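Engineer: Supplied in structure tokens, the structure appears directly below.
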Amino acid sequence: MDSVLEKIQNLKQKHKAVILAHNYQPGEIQDMADFTGDSLGLSIKASQTDAEVVVFCGVYFMAETAAILSPGKRVLLPEKLAGCPMADMITAEQLRDLKQKHPGALVVCYVNSPAEVKAESDYCCTSANAVDVVDSLPVEKKIIFVPDQYLGGHVAEKTSRDLVLWPGYCPTHVLISEDDIKNAKAQFPDAVVMTHPECTEPVRNISEQILSTGQMLKFIRHSDAKRFIVATEIGMIHALKRQNPNAEFIAASPKAVCPNMKKITLEKVLWALEDLPNAGSKYHVTVPDDIRKRAKKALDRMVEILPSQ
Ligand code: SF4
């Protein structure tokens, strides 16, 4: 009898599907995927393939982002209950209220947000390009940054701009404490601390490098260091080891586990593919066309000002 992995491969070919896995996914999902990476990078890659089906092993907003960029493809999320608590900390209505309080302000929205919130925004950004996006906007303009207060705080500091921040946060990244970094540093004094900008300010302040997941992978390629303390979701350690088998990676905190990212299993990927002939598949993620077009504009504007991203 075929194994789960063999069945996934067979159905993938039969349905012309491509499987994407975010860097925070369980190791066996990353190893089985066609592409691994961050949410926007994966959505862009999927849009450039001729696949008819995209299976996004990640959380809900990521599947929405893939659907925004690939309106002609069927996007599946193998576990519909895999949400992102940070993305869900702001609604389109709350953003509309905020815009009314700050008339004329430009809205920059982190890609970790619902499609409806992107549709209400002027620009999208990623954790890799948030500083550059804000830096490129006219200095006389007020800027609202949603939904992550910590990424927003990092951007405000780097750009010396006074941003209007929304009090959202990632419940996983805030579990990493200043003491975690100090303890890891005491144990491994030669290690370089790489911290994701979703971490709190005290953690960022004692870290050598503030990097998105994609930037971490690039940074290591050009670094002479052999040991790295990694302050982000723990799945990243697997992604780093896969590409850098000779380096050592130490998780800043074993508590930094995103329970939503870990809801995806190989069996659920198989079930989503098996359910494809079902027109009303519960795995299918769609974005209404009017919201999709407006959300895409915010993504397009980001690419226009930072074409190399
Ligand atoms: S790690 Fe944080 S930002 Fe990423 S999906 Fe989980 S809750 Fe959302």
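The values are calculated or read from the model by the stated rules, or taken from the named source; none is laboratory data. This one's a predicted model, so the numbers in the text were calculated from it and none came from an experiment. Note that each Cβ is placed from the backbone with ideal geometry, even for glycine, and that neighbours are counted across all protein chains shown. In case anyone asks, the SASA skips ligands and DNA or RNA and just uses the protein heavy atoms, side chains included. Shrake-Rupley method; radii C 1.70, N 1.55, O 1.52, S 1.80 Å.
Each row is one residue, and each column tells you yes or no for (1) closer than 21 Å to VAL257 by Cβ; (2) within 18 Å of the chain's Cα centre (by Cα); (3) part of a loop (DSSP other than H, G, I, E, B).
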residue	(1), (2), (3)
ASP50	no, no, yes
MET62	yes, yes, no
PRO71	no, no, yes
LYS80	yes, yes, yes
VAL117	no, yes, no
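Engineer: Using the structure shown, decide if VAL108 is out of contact with any Lys or Arg (no Cβ under 7 Å at 6 or more places or on another chain) and in a strand (DSSP E or B).
Structural biologist: yes
Engineer: Could you look through segment 261-287, keep only residues that are within 19 Å of the chain's Cα centre (by Cα) and either in a loop (DSSP other than H, G, I, E, B) or without any contact (Cβ under 8 Å) to a residue 12 or more places away in the chain (or both), and pick out the one that is surrounded by the fewest Cβ atoms within 10 Å (Cβ to Cβ)?
Structural biologist: First, the residues of segment 261-287 that are within 19 Å of the chain's Cα centre (by Cα): 261-265, 285-287.
Imposing the further condition that a residue be either in a loop (DSSP other than H, G, I, E, B) or without any contact (Cβ under 8 Å) to a residue 12 or more places away in the chain (or both) reduces the set to 264-265, 285-287.
Details: ILE264: 25, THR265: 16, VAL285: 21, THR286: 13, VAL287: 23.
Only one residue tops the list, namely THR286.
Engineer: With the requirement that a residue be touching a strand residue (DSSP E or B) at 6+ places or on another chain (Cβ under 9 Å), in a loop (DSSP other than H, G, I, E, B) and more than 15 Å from the ligand (Cβ to nearest atom), what does segment 119-135 give you?
Structural biologist: Within segment 119-135, GLU120, SER121, ASP122 meet the criteria.
Engineer: Now, a different point. Specify which of the listed residues (ALA51, ALA63) is touching a Phe, Trp or Tyr at 6+ places or on another chain (Cβ under 7 Å), modelled with pLDDT of 95 or more and either more than 13 Å from the ligand (Cβ to nearest atom) or under 21 Å from CYS84 (Cα atoms) (or both). Explain how you work it out, then say what you get.
Structural biologist: Details: ALA51 fails: touching a Phe, Trp or Tyr at 6+ places or on another chain (Cβ under 7 Å).
None of the other options fit; the residue is ALA63.
Engineer: Pick out the one residue from ILE29, ILE44 that is away from the ligand (no atom under 15 Å from the Cβ), in a helix (DSSP H, G or I) and β-branched (Val, Ile, Thr). Full working, then the answer.
Structural biologist: Values: ILE29 fails: away from the ligand (no atom under 15 Å from the Cβ).
Of the residues listed, the single one that is away from the ligand (no atom under 15 Å from the Cβ), in a helix (DSSP H, G or I) and β-branched (Val, Ile, Thr) is ILE44.
Engineer: Right, another one. Check off (1) farther than 28 Å from ALA67 by Cβ; (2) open to solvent by 60 Å² or more (accessible area, probe 1.4 Å) for ALA231 and give me the number that stays unchecked.
Structural biologist: The single condition ALA231 does not satisfy is (2).
Engineer: Does SER253 fit the bill of being of a type in the set (S, T, N, Q), open to solvent by less than 70 Å² (accessible area, probe 1.4 Å), within 16 Å of the ligand (Cβ to nearest atom) and assigned to a loop (DSSP other than H, G, I, E, B)? First the steps, then the outcome.
Structural biologist: On the way: of a type in the set (S, T, N, Q): yes; open to solvent by less than 70 Å² (accessible area, probe 1.4 Å): yes; within 16 Å of the ligand (Cβ to nearest atom): yes; assigned to a loop (DSSP other than H, G, I, E, B): yes.
Yes.
Engineer: Of all residues being open to solvent by less than 60 Å² (accessible area, probe 1.4 Å) and farther than 17 Å from PRO167 by Cα in segment 90-117, which is farthest from the ligand (Cβ to nearest atom)? Just the residue, please.
Structural biologist: Only one residue tops the list, namely GLY104.
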